[in-house]
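What follows is one structure encoded as structure tokens, with my remarks underneath.
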């Protein structure tokens with residue numbers, strides 16, 4: 001085998017292993033945050049942070065403009081928290097998957113909107129139906 005061919009194979013293997021390691025690190029981080037032990041009820045101190053919380057779906061509705069989804073969940077301490085799902089993240093797909101009284105886990109950015117805290121979903125995979 002020529003030296004150039006060996007070099008190409010080695011470079012390919014190095015690139016593949018780098019991509020694999022990055023994927024493993026990113027998914028391990030996502031899995032560790034989205035576990036039951038890490039569930040929190042966001043406070044004003046969490047604004048700008050990404051948190052994971054679990055709650056019972058109280059209601060869901062699509063917005064009148066923009067086709068976004070707003071889910072109201074009741075957290076463990078009985079706090080009702082809005083979860084905002086942008087159209088670009090898959091609002092209509094998530095709308096059809098969840099029902100009232102479903103228990104869900106959500107990872108999202110804590111933001112303040114009109115004086116109320118809300119969780120903003122950044123990726124469709126950051127919402128899990130737990131029951």
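The values are calculated or read from the model by the stated rules, or taken from the named source; none is laboratory data. This is a predicted model, so every value here is computed, not measured. All Cβ positions, even for glycine, are placed from backbone atoms using ideal geometry, and neighbour counts span all protein chains on display.
Side notes on the structure shown:
- Residue within segment 102-110 that is modelled with pLDDT of 85 or more, in a helix (DSSP H, G or I), surrounded by 15 or more Cβ atoms within 10 Å (Cβ to Cβ) and in contact with a strand residue (DSSP E or B) (Cβ under 8 Å, 6 or more places away or on another chain) present: no
- Residue check, residue 45 in a helix (DSSP H, G or I) and modelled with pLDDT of 80 or more: yes
Listed here are the residues, each with its yes/no results for (1) surrounded by fewer than 15 Cβ atoms within 10 Å (Cβ to Cβ); (2) within 16 Å of residue 39 (Cα to Cα); (3) at pLDDT 95 or above.
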| site | (1), (2), (3) |
| --- | --- |
| 75 | no, yes, no |
| 80 | yes, yes, no |
| 92 | yes, no, no |
| 100 | yes, no, no |
| 116 | yes, no, no |
| 126 | no, yes, no |
